[in-house]
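Have a look at the structure below before the remarks.
The values are calculated or read from the model by the stated rules, or taken from the named source; none is laboratory data. Bear in mind the structure is a predicted one, so any value in this text is a computation, not a measurement. Virtual Cβ from ideal backbone geometry, glycine too; neighbours counted across all protein chains shown.
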Amino acid sequence: MLPSTTARTVVTVLLCAIAICGLVSVASGTLASDVRAQRTVFVIHPQRAGEHRVSLDTPPNPATTCTFRYEQVHGASPETWELQLYGDRAAGELACRVRRVPPGEAAVATSGAVTKNADFASEHDEAAPSYLFFGDFAMVLGDGSTTVIEASAVGSEGNPVPTKDLVWEGARLQSRSGFMGSLRSVTMKALLY
C-alpha cells in the first residue's frame, strides 16, 4: 500500500504543478492580449488636404477610432507619416499619435499599410522633424464620450506647440485659427472604461 500511496502522491503533486504552470501560462497570455495596437502609414503632400483614420477594438469599449485631419499644408516635398492607436487594458489607457516617420523607417514603411497588434511601446518612438507647415490640423480620439486625459502637439524643433495655438475640447485637439507651424507629432491619451 505504501508504493501506491507514494505513487498517488507523486501523481497528485505532478498534476498540481502542471495545473499551476498552466494557470501562469494562461495569465501571461491574458496580460499580453490586453495590449492592442493598430497603425496606418500615409504620405502628406503639400497643397493637399487629407484625413486619415485608424480603428481598434478596445474592450470593454466598442471599437475606438482616431482621426487626423488637415486642410492647408505648405512645403516643397511630400513626407511619410503614420497614425497609431494603442490600447492597454491592464493600464486602462488608450493613446493615439500621429508622427512624421524618421527617414530610416520611411524606407520600409508602406503608404496605406495597416499593422495589427504591433507593439508600439517597444518600437523606436522618436518622430522626425517635418519641413511641412500646417495651416490647420485636428485630431479626434473616439467619440464625444471618450475621456481624454492628455493632449499635446510637438513642433518640428522638438518643443511643445504653445497652448495659445491649440484648442482642446473633449476628445478633439485642433489648431487655432491663424495657426501656421511645423509639427513633429500630435498625441492624445484617454481612459478605457
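Structure values in brief
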| read-out | value |
| --- | --- |
| Residue within the range 45-67 that is modelled with pLDDT of 95 or more, touching a Pro at 6+ places or on another chain (Cβ under 8 Å) and either assigned by TED's automatic domain parsing to the domain that holds Asp136 or in a loop (DSSP other than H, G, I, E, B) (or both) present | yes |
| The range 68-93, residues that are assigned to a strand (DSSP E or B) and acidic (Asp, Glu) | Glu79, Glu82, Asp88, Glu93 |
| Long-range neighbours under 6 Å by Cβ, at least six apart or interchain, first residue within 20 Å of Thr187 (Cβ to Cβ) and modelled with pLDDT of 55 or more within the range 112-139, second aliphatic (A, V, I, L, M) and crowded, with 18+ Cβ neighbours inside 10 Å | Ser130/Leu183; Leu132/Val73; Phe134/Val73; Phe134/Leu183; Met139/Leu173; Met139/Val186; Met139/Met188 |
